[in-house]
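The values are calculated or read from the model by the stated rules, or taken from the named source; none is laboratory data. On a predicted model such as this, the values are computed, not experimentally measured, just so you know. In this analysis, Cβ positions are derived from the backbone assuming ideal geometry, glycine residues included, and neighbour counts consider all displayed protein chains. We work out accessible area using only protein heavy atoms, side chains counted, and drop any ligands, DNA or RNA first. Shrake-Rupley method; radii C 1.70, N 1.55, O 1.52, S 1.80 Å.
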Amino acid sequence: MNRNEAAFFEKCEEAKKIAFSFNNPLIVHHYDADGVSSGAIVAGAFLNQGKTFRRECIKKLDDEAIDRYLASGENEVIFVDLGGGNKRVNELKDVVIIDHHQTEGVEKLQVNPLLHGIDGGSEISAAGVAYCVFRTSADLAVVGAVGDMQSPLFGMNRWIVSEGEKSGEILVEHDLRFYGRYCRPLVQFLSYSDDPYIPGISYREDRSEQLFSDLGIKTEGERKYSDLNNEEKKSVISALANIVPGKKLVGESYVFPKRPKNETYEANEFSTLLNACGRHSKPDIGVRVCLKDESAYEEARSLLRLHRKMLREGVEFAFSNVQDLGPVYFLDGRGIIEEGVIGVICGMVLKQGWKKPIIGVSLGENNTIKISGRASKTLVENGLSLGDFMKKAALELGGIGGGHSVAAGASIPNKINEFLLFCGDYDFNRKNLDKV
Ligand code: C5P
């Protein structure tokens, strides 16, 4: 399909007009970082206009959810980061869909970059689409994109960044790529970082502390990397470069000068905070943080601590339990890793050099299995779409699934063996992948 940005922006205008013409719509959004930030953009736009709305966050838009909206007579619904994937939205009355997932057979008003030849998997997220519709909170649009693994940002995301730079909401920084420059104490900042893995430092707090002490850098008092002066930062980067010469240590990151210097100041850290809220059943706390409600920060922080603990334990389990099943790497997290974080953990253990995707499974609600997949960008460039795979697998096994090329998921009935057989039969575009 030919790229048509003008038609996309026209659709955005139309969606905004219709959305604001609603009396008291229900805003329904997804629960991951992109879902929470996009839901918050829409809610924020309504608040700015003094318009009434209700909001709910859901894990998936399945038939049960649609039946519930039909039964309760929801006449005006705005779907955000979902909606395009379930044709049954056609049964509802007035609907606006703001989405970036694959869509088919949906007749309701939908703003979706994929319908205009713009890649919703890599260059704009649902939060970006919500920004294009309502033109508010460019910073949240970037948080959603980073949360959806679209960093480094390009295309439509890049345009949003430039809009945010103009409004003073976004600053692009080039610095150490490690997570936690603004929120982790120095010693943990280095010792918890393993991308790239720093031999002798990653997972070693004592050695991390020694490195700072050798450089004459004080670590006391919860000092963060962002508190260091330029000379100190340079000395840390060159010390690391000596340990791992040739590794890409410095990269682009996005910070938000209008937000407090806490976990919401930098896009990567902010998106982790939102994931922590959404994936541990407290998406409303995440939305309140997005809307700068300071009374929500403390609870968000404690969810983040829980999230990190679960990720740490999950990654540790994954390191010794990922199996090579031939077509895919497989992580059986049933009974060990919660369904809300299995996808994040797969993303953390995925190596960009891997020539096959990683598929993780976990126990879902009501005797279902939650499946999450993650693939390297190289695989995707060579033709793999995990979103397609999940959709087909779910269809075959009586579940619901989809997503993007690099990150996708599904919920299926408890039929793990059938699912594995399906993986074995699936092409995964191996002809192309062999050439990677
Ligand atoms: O849950 P997980 O993080 O693995 O999801 C990855 C992507 O797959 C998300 O963008 C999500 O929207 C999509 N997904 C989906 N249908 C599901 C589960 C996940 O479209 N049942």
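Below, the figures for the structure above:
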{"quantity": "At least 15 Å along the helix axis (C-alpha) and Kyte average at least -1.0, DSSP helices within the chain", "calculated": "5-21, 33-48, 156-167, 230-243, 267-279, 297-321, 339-349, 386-397"}
{"quantity": "Reference-scaled alpha-carbon Rg (2.2 N^0.38 Å with N residues) for the stretch 184-261", "calculated": "1.10"}
{"quantity": "Full-extension gain in nm, Ile416 to Glu365, via 0.36 nm per residue minus C-alpha separation", "calculated": "16.9 nm"}
{"quantity": "Packing-based order for 304-310, 394-400, using average beta carbon neighbours within 10 Å, highest first", "calculated": "394-400, 304-310"}
{"quantity": "Solvent exposure, largest accessible area first (probe 1.4 Å, DNA, RNA and ligands not counted), of Met390, Met149, Met1", "calculated": "Met1, Met149, Met390"}
{"quantity": "Extension gain from Asn230 to Asp324, taking 0.36 nm per residue of separation minus the Cα-Cα distance", "calculated": "29.4 nm"}
{"quantity": "Among Val349, Gly216, Gly360 the positive-end extreme of the charge dipole of the chain (Cβ point charges)", "calculated": "Gly216"}
{"quantity": "Computed lengthening from Asn75 to Arg312, 0.36 nm per intervening residue step minus Cα-Cα distance", "calculated": "81.0 nm"}
{"quantity": "Antiparallel %, DSSP beta bridges [both residues in the chain], to 5", "calculated": "55 percent"}
{"quantity": "Magnitude of the charge dipole, the stretch 322-425, Cβ model with Lys/Arg +1 and Asp/Glu -1, debye to 20", "calculated": "260 debye"}
{"quantity": "Partner aspartates and glutamates for Lys51 [C-alpha distance under 15 Å; skip if fewer than 8 residues away on the same chain]", "calculated": "Glu76"}
{"quantity": "Kirkwood Rh and Cα Rg combined as Rg over Rh, evaluated for the stretch 322-425", "calculated": "0.93"}
{"quantity": "Probe 1.4 Å - accessible area at Lys355, Å² to nearest ten", "calculated": "120 Å²"}
{"quantity": "Fraction of accessible area attributable to carbon and sulfur, the stretch 322-425 (%, probe 1.4 Å)", "calculated": "50 percent"}
{"quantity": "Cβ charges +1 (Lys, Arg) and -1 (Asp, Glu), total dipole of the stretch 69-220, debye", "calculated": "60 debye"}
{"quantity": "Accessible carbon and sulfur surface of the stretch 83-142 relative to its total accessible area, %, 1.4 Å", "calculated": "42 percent"}
{"quantity": "For the chain, accessible area per residue (1.4 Å probe, heavy atoms of protein chains only), Å²", "calculated": "43 Å²"}
{"quantity": "Candidate lysines for bridging to Lys356, where Cα separation is under 26 Å - those fewer than 8 sequence places away on the same chain excluded", "calculated": "Lys247, Lys248, Lys370, Lys377, Lys391, Lys392, Lys415, Lys431, Lys435"}
{"quantity": "Distance in nm between pseudo-label sites at Ile237 and Glu13 (7 Å out along the Cβ direction from Cα)", "calculated": "4.3 nm"}
{"quantity": "Calculated FRET efficiency for the pair Ser295/Glu104, C-beta based, R₀ 25 Å, to 0.05", "calculated": "0.05"}
{"quantity": "Most to least packed among 252-259, 316-323 [average Cβ atoms within 10 Å]", "calculated": "252-259, 316-323"}
{"quantity": "Distance between modelled label sites at Ile336 and Asp63, nm, 7 Å Cα→Cβ extension", "calculated": "3.4 nm"}
{"quantity": "Order by protection proxy (mean Cβ within 10 Å, highest first), peptides 88-98, 49-59, 30-40, 337-347", "calculated": "30-40, 337-347, 88-98, 49-59"}
{"quantity": "Förster radius 60 Å - calculated FRET efficiency between Asp214 and Ser281 (Cβ-Cβ, nearest 0.05)", "calculated": "0.85"}
